[in-house]
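Structure record follows, encoded as structure tokens.
The values are calculated or read from the model by the stated rules, or taken from the named source; none is laboratory data. The structure presented is a predicted model; accordingly, all values stated were derived computationally and were not measured. Positions of Cβ are generated from backbone atoms using ideal geometry, with glycine treated the same way; all protein chains shown enter the neighbour counts.
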Amino acid sequence: MVSGSTIHPSAMGLTIDKKIFDDGLSRKRRRDFAFQNYVKRLLKTRIFKLFIFTAILANSLLLAFETDHAVEYDFFVFFNVAEQLFLSIYTVEFLAKIYVDPIRYWKNGFNVFDFIVLMLSYIQRIFILKDMDDMTWFHVVRPLRILRAISLVRGLQVLFDALVRTLKNVAYVLFLLFLLMTMFALIGYNFYGDSKDGDFDNWGSLKSAYFSLFSIVTLDSWSDLQAETGAFGFYSSQFFIMVFILLGFFLFINLFIGVMIINIRETTREFNKGIQAERETTLMEKKQAILHRQQTHITQIMEKQKTSQFESFNEIIEKFKQTLRHDDFVMLDDLCSSLSFIDIYLSSLDEQDNTLYKLQQLYFEISYVLGNMLDADHLQNKKKDAEAFPEENK
């Protein structure tokens, strides 16, 4: 523990972790690490997220109020100032996230979407200032800001990811539904689409047959459509429409819902794993920060002991203890300095003492029994000798 006039870092039950040096190297890459860490913590606070979410809701309400032309005309200056304020808030948020991690920011799809909406908002603002009314399609940009709320609510992110993953499977389901509708459209056209004696309005062409089947699969007035077709004497139309409803609505719609549920379940499972990984990362960062601080203290003690001529090791340790707070954690990676190991080791020593005590009692009992057996054997031999040689005993 103590060698000569220097203190070994493990004297306080601390060990130097390699990650401390790695963390130190990463900190040296940026000179503003302290401010960066402060901004990073600020972006993760609930107050900041609530502030951005409130700004998005307020922006949405103002967009709804602007749909009234009279209100927009009367409060034109207010809406203009509010638009600049919201753009400033979104810009500050974007710059703060870029400042914290300019590389990882672009790996998140929601961040890329926020950046695109922000840039399109600035382009729209430039066109408005230059009175260019031919870019009317840019008016769709401002309503897109409402979708920025997805990036702030993790539950919405899970549902959005599930929807994106479902698109591929849904495309297959819709393709199968299209094939089914094509088959039934051709059957309906051939059976009920005669221009003279058939239901020409609903089944007279492939286009009208598709539209009729779409109304049936959505259960929109399908009974009226069946009544119109049955009025021409096509009694088989009841069976035809019932089969298509069973296949098109109950089968494919439930299949679509099942695909959605499976993807939501998988996305939620991955989401929970991500949260667990973030918690472990945060805990590791806290551990490394504590280890770094404790290592700094130990280094200061070592340097102070080298230069000090009047203080002893115990005095230095006492002063070091005074600098600790009651809520300070101590990371003990060394097995010999672990409190759990010391507790188990002392318990094992107690068990060893109990075992030695029981062994001593067992040895005493064995010695007592062997002694009694020797005495009994000795008396028995004397009796045999007395019986064999009675004259000598007299």
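Any residue in region 125-141 that is touching a helix residue (DSSP H, G or I) at 6+ places or on another chain (Cβ under 8 Å), assigned by TED's automatic domain parsing to the domain that holds F35 and modelled with pLDDT of 75 or more? Yes, the conditions are met somewhere in region 125-141. Of the residues making up region 184-200, those that are surrounded by fewer than 13 Cβ atoms within 10 Å (Cβ to Cβ) and assigned to a helix (DSSP H, G or I) number 1.
How about region 209-240: which of its residues are in a helix (DSSP H, G or I) and within 21 Å of L174 (Cβ to Cβ)?
Within region 209-240, the first condition is being in a helix (DSSP H, G or I), and the residues that meet it are 209-217, 222-230, 236-240.
Matches in region 209-240: A209, Y210, F211, S212, L213, F214, S215, I216, V217, W222.
Scanning region 14-27 turns up no residue that is at pLDDT below 85, of a type in the set (A, V, I, L, M) and either under 18 Å from R148 (Cβ atoms) or in the same structural domain as E83 (by TED's automatic domain parsing) (or both). Scanning region 73-87 for residues that are over 23 Å from D114 (Cα atoms) and either of a type in the set (G, A, S) or surrounded by 14 or more Cβ atoms within 10 Å (Cβ to Cβ) (or both) yields one hit, F75.
Within the set L246, L255, L283, the sole residue that is part of a helix (DSSP H, G or I) and surrounded by 15 or more Cβ atoms within 10 Å (Cβ to Cβ) turns out to be L255. The set of residues in region 201-243 being surrounded by 13 or more Cβ atoms within 10 Å (Cβ to Cβ) and among the basic types (K, R) is empty. At negative phi and touching a residue at least 24 places away in the same chain (Cβ under 8 Å), is that true of L50? When the stated conditions are applied, L50 does not pass them.
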